[in-house]
Amino acid sequence: MALCNCSSDLLLRRRSFLNCRQRFSPVPNQRISTRIGLSSRQVPQDPGLEDGKDNQTSSKRISEQSSWESKDSEGKDYLYRLGAEADNMNIAVGAKQGVIDDLFVGNFLGKDADFVFDYRQKVTRTFEYLQGDYYIAPLFMDKIVCHIVKNYIVHLLNTKVPLILGIWGGKGQGKTFQTELIFRAMGIEPIILSAGELESERAGEPGKLIRERYRTASQVVQNQGKMSCLMINDIDAGLGRFGNTQMTVNNQIVVGTLMNLADNPTRVSIGQNWRESDITHRIPIIFTGNDFSTLYAPLIRDGRMEKFYWQPNREDIVNIVQRMYEKDGITKEQVETIVDSFPNQALDFYGALRSRTYDRSISEWISDIGGYENLGNTLLKRRKNNELPTFIPPKQTVEALLESGYSLIREQELIMETKLSKEYMKNMDD
């Protein structure tokens, strides 16, 4: 009796709704009923009222071939899968059997025919652009190679091996470049992140990204038979605490993720159900930064991270700069003269010297192609058959390099002496 009363109440409420729509809408009542699909015969009855029949068995599918109702291997439809996604967005499905567009998946291309997905997942780094013979500092090489090898043979060692190697030191000392040279020499295909990827408008995204990239490096080892590692550049810029900077949820999650990787490097979850066979290869992690004292102290403790302070000595600087100027015909004695003329400068300073010497030649080349007024038409809108005049690089001399060096020194001193921010803000306290 109670069930019948409930059904009657439901019918009365829907009829009242139709009467309201008829009163305030110029559309006829019949059209409204057709639009919203309501009539007295379509009022759902409670299961068990009609000889115990289940009402769900009489419901019709949206379409017999609707991809939204395709079932996966677990018998769940695609809307369920879409709702289970972290962002409710699924752009990496493609034509996969049992997931979406099941009708168009055949045997010609295989059951999983999304080739674009494979290219989207190509996040590893190769170093074909590093052409030439560069100098690698022996101490730097020993530290990187030893850390990577220890993590790959940790099962043979009866000792605790930190998963993370933190390389820190002054600005512009070639930490990242030297590391990439070592990767190229060892044939390693690493995954490289930057500090800018450690923050997101969505909570948890950077932490998940780190775990995904870690597992991708593990797949490189397993599927391609190549060595791999995870490298995060300038990590103190993304996770460091400077003055009154705000600590975000993503900062905390990233720190927690990295600590968890260091403690459990072979069990890494990105949201999937755990399986006993889901064992991830141990992948070494390398950080670069300028000041690790700004990082969360438990992350950089000795059990998790091995620290390496990189400060190239004079011999390292001379050898690196000599390889840099070797094609210009600058001898080692001349390089020593340049290095001794500008002591206490970072390695990138000597690269800036060579770049500054190109300025005069580029100005002359601009005049040859028609002047700065026509640069847009000359550089971007020219026809394919119209070739630009050949640019002739300047001949490098010690005098030109020294002149560029003194110019850079003057710019550095001017920035330190003329602090315009204080000049702008001096009246704010009044």
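The values are calculated or read from the model by the stated rules, or taken from the named source; none is laboratory data. None of the values given here were measured: they were computed from a predicted structure. Positions of Cβ are generated from backbone atoms using ideal geometry, with glycine treated the same way; all protein chains shown enter the neighbour counts. Note: accessible area is taken over every heavy atom of the protein model, side chains too, but ligands, DNA and RNA are not part of it. Shrake-Rupley method; radii C 1.70, N 1.55, O 1.52, S 1.80 Å.
Structure notes:
- Pair list, Cβ under 9 Å, 6 or more apart: the range 309-320 residue of a type in the set (A, V, I, L, M), other residue surrounded by 10 or more Cβ atoms within 10 Å (Cβ to Cβ) and not in a helix (DSSP H, G or I): I317/Q345; I320/Y134; I320/Y135; I320/I136; I320/A137; I320/G174; I320/P312
- Test: residue in the range 348-361 that is over 28 Å from I235 (Cα atoms), more than 37 Å from the chain's Cα centre (by Cα) and open to solvent by less than 70 Å² (accessible area, probe 1.4 Å): yes
- First in the range 195-216 and on the phi > 0 side of the Ramachandran plot, second anywhere and in a helix (DSSP H, G or I) and not basic (K, R), Cβ under 8 Å, 6 or more apart: G204/V249; G204/N250; G204/I253
- Among the residues of the range 239-267, those that are over 30 Å from I153 (Cα atoms), part of a helix (DSSP H, G or I) and open to solvent by 20 Å² or more (accessible area, probe 1.4 Å) comprise V249, Q252.
- Here is the figure for the range 336-347: residues that are surrounded by fewer than 19 Cβ atoms within 10 Å (Cβ to Cβ), in a helix (DSSP H, G or I), of a type outside the set (V, I, T) and in contact (Cβ under 8 Å) with a residue 12 or more places away in the chain total 2.
- When R275 is tested against (1) open to solvent by 40 Å² or more (accessible area, probe 1.4 Å); (2) at pLDDT 90 or above, only condition (2) is not met.
- Hits in the range 152-192 (condition: in a loop (DSSP other than H, G, I, E, B) and under 30 Å from P343 (Cβ atoms)): G169, G170, K171, G172, Q173, G174
- Summed over the range 130-150, residues that are closer than 12 Å to D316 by Cα and touching a Pro at 6+ places or on another chain (Cβ under 7 Å) total 1.
- The residues listed here are T179, T159; of these, the one that is over 16 Å from the mean Cα position of the chain (by Cα), crowded, with 21+ Cβ neighbours inside 10 Å and polar (S, T, N, Q) is T179.
- Of everything in the range 289-335 that is in a helix (DSSP H, G or I) and basic (K, R), the residue that is farthest from Y358 (Cα to Cα) is R314.
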